[in-house]
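Contents: one structure, followed by commentary.
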Amino acid sequence: MADDRKIGPLAQLAEQDTLNVKVEGSTPSWPTNFCMPNYEILEHTADIRVKIKGKNLKDLFRNAGLAIFQISTQKLATTDDKIKNLSIKQKADNLDELFINWLNELLSLSAVKGLIFEDLKIGKINANSIEAVVSGSDIKNYKVNTEIKAATYHELKIEKSKSAWQAEVIIDV
């Protein structure tokens, strides 16, 4: 029996295994012309579930922050190259709380300041605190394809292996 379901361009590329991105389930409704090997979108019923990888804790937090903006926006051709830098300091009782607070702080600052963050420089980080400088450009330079409301604790996983860190987080859209 032939499979008559329609799939989008990202799913087609994933099936051809030409991307280092794994998509399970239905094809996302937002444009999928991005590729970053440090995260993959996983199947989830209503929200977006993302697996993020990093060689160390700094990389994991950086890649997670960049992933939420790359998933939700698409940069437009523009001559506005003004970048605004912001400092972020967060404290938490544990690593899970720090991770969720970090992502939600980025989302909050993005909404309040009207910025899409393109670069995240993590200065200091441990299981209870993070200091970073984030760089973003005006939201007018982007098409917002999916509005991300928040990162959630639901099914949150953060693990360290011998050689890397990995996290899975569900993002409320």
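Below are the figures for this structure:
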| read-out | value |
| --- | --- |
| Some residue of segment 163-171 being of a type in the set (A, V, I, L, M, F, W, C), in a loop (DSSP other than H, G, I, E, B) and farther than 17 Å from Ile41 by Cβ | yes |
| Hits in segment 48-91 - residues which are of a type in the set (Asp, Glu) and modelled with pLDDT of 95 or more | Asp59 |
| Residue, farthest from Asn141 (Cα to Cα), within segment 61-90, restricted to residues that are of a type in the set (Ser, Thr, Tyr) and exposed (fewer than 11 other Cβ atoms within 10 Å of the Cβ) | Ser87 |
| Unique match (being over 17 Å from the mean Cα position of the chain (by Cα) and within 16 Å of Lys51 (Cβ to Cβ)) among Ala127, Ala164, Ala92 | Ala164 |
| Unique match (being among the aromatic types (Phe, Trp, Tyr) and more than 25 Å from Ser163 (Cβ to Cβ)) among Phe99, Phe61, Phe69 | Phe69 |
| Matching entry among Ser163, Ser137 (being touching a residue at least 24 places away in the same chain (Cβ under 8 Å), hydroxyl-bearing (Ser, Thr, Tyr) and touching a strand residue (DSSP E or B) at 6+ places or on another chain (Cβ under 9 Å)) | Ser137 |
| Any strands (runs of 3 or more DSSP E) falling wholly within segment 61-161 and containing at least 3 residues that are among the aliphatic types (A, V, I, L, M) and in contact with a Gly (Cβ under 7 Å, 6 or more places away or on another chain) | 115-126 |
| Search result, residues across segment 102-118 that are surrounded by fewer than 17 Cβ atoms within 10 Å (Cβ to Cβ), without any contact (Cβ under 8 Å) to a residue 24 or more places away in the chain and under 17 Å from the mean Cα position of the chain (by Cα) | Ser108, Ala111 |
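The values are calculated or read from the model by the stated rules, or taken from the named source; none is laboratory data. Please read these numbers as outputs of a predicted model, since none were measured by experiment. Quick reminder, even Gly has a Cβ in these numbers, built from the backbone with ideal geometry, and neighbours come from all protein chains shown.
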